[in-house]
Amino acid sequence: MKGVRILNRSLDDADVLIRRDLRVTGVALSALEGAVELGAEVIDSALQQRRITVERLEEACGRRHRCVGAAEMGPMVALLESGARSAAERFAVAILDAAGIDGWVANHPSCGYEIDLAFVAHMLAVEIDGFAFHRDAGTFQRDRTRRNALIAAGWTVLNFTWADLTERADHVASSIRQALSVAA
């Protein structure tokens, strides 16, 4: 069958699901192995769709520490420790770290939404707008609705694009610093 790879190997029961009487790898292990072959976007997508959690990925990675691909899995999972769910969010975290800006929380719940990076004590929300997730009208509208709800609840909202993160990192850091100083 095209696109299907059949493997016979020993797996921990926690890494196995039964589908139509077939033993298949669970979502966390499948995402990890897929990321080794196809890139971290596989993990990002599964996290964004809430199919897996970082904790489940860490557990699956720990069980596979001596297996093929384990050397690549560990560093991928380590990148997720910040709680960031996409490459763009991880890039933003790296900018904050490099600038010595701390006190933020990833995916903070507020107003029925999750803020990408929140400075809760300062009511500052940092939203990362990646083109991959904001290319249709529905997603764009949901983001505007979320932004309005956060502002109405007293949050200051800063939005940054992939271009901001990759081409204007100093501007991103200084904008966040300025907003934090105003909120202090």
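Take T161 and tell me if it is polar (S, T, N, Q) and surrounded by 14 or more Cβ atoms within 10 Å (Cβ to Cβ). Give the steps one after another, and end with the answer.
Values: polar (S, T, N, Q): yes; surrounded by 14 or more Cβ atoms within 10 Å (Cβ to Cβ): yes.
Against the criterion (polar (S, T, N, Q) and surrounded by 14 or more Cβ atoms within 10 Å (Cβ to Cβ)), T161 qualifies.
Here A92 passes the criteria (1) surrounded by 18 or more Cβ atoms within 10 Å (Cβ to Cβ); (2) at pLDDT 80 or above; (3) not assigned by TED's automatic domain parsing to the domain that holds V172 except the one numbered (3).
Restricting R146, R142 to residues that are closer than 25 Å to V42 by Cβ and among the basic types (K, R) narrows the list to R142.
The combined condition, being under 21 Å from the mean Cα position of the chain (by Cα) and either surrounded by 13 or more Cβ atoms within 10 Å (Cβ to Cβ) or modelled with pLDDT of 95 or more (or both), is fulfilled by S110. All conditions but one from (1) of a type in the set (V, I, T); (2) surrounded by 12 or more Cβ atoms within 10 Å (Cβ to Cβ); (3) out of contact with any Lys or Arg (no Cβ under 6 Å at 6 or more places or on another chain) apply to V182; the one that does not is (2). Inside segment 37-60, residues that are more than 17 Å from the chain's Cα centre (by Cα) and under 19 Å from S86 (Cα atoms) make up a count of 1.
Selection over segment 138-184 of residues that are outside any helix (DSSP H, G or I) and closer than 14 Å to V120 by Cα gives a count of 7.
The values are calculated or read from the model by the stated rules, or taken from the named source; none is laboratory data. Note that the structure is a prediction, hence the values are computed from the model and not measured. Positions of Cβ are backbone-derived with ideal geometry, glycine not excepted, and every protein chain shown enters the neighbour counts.
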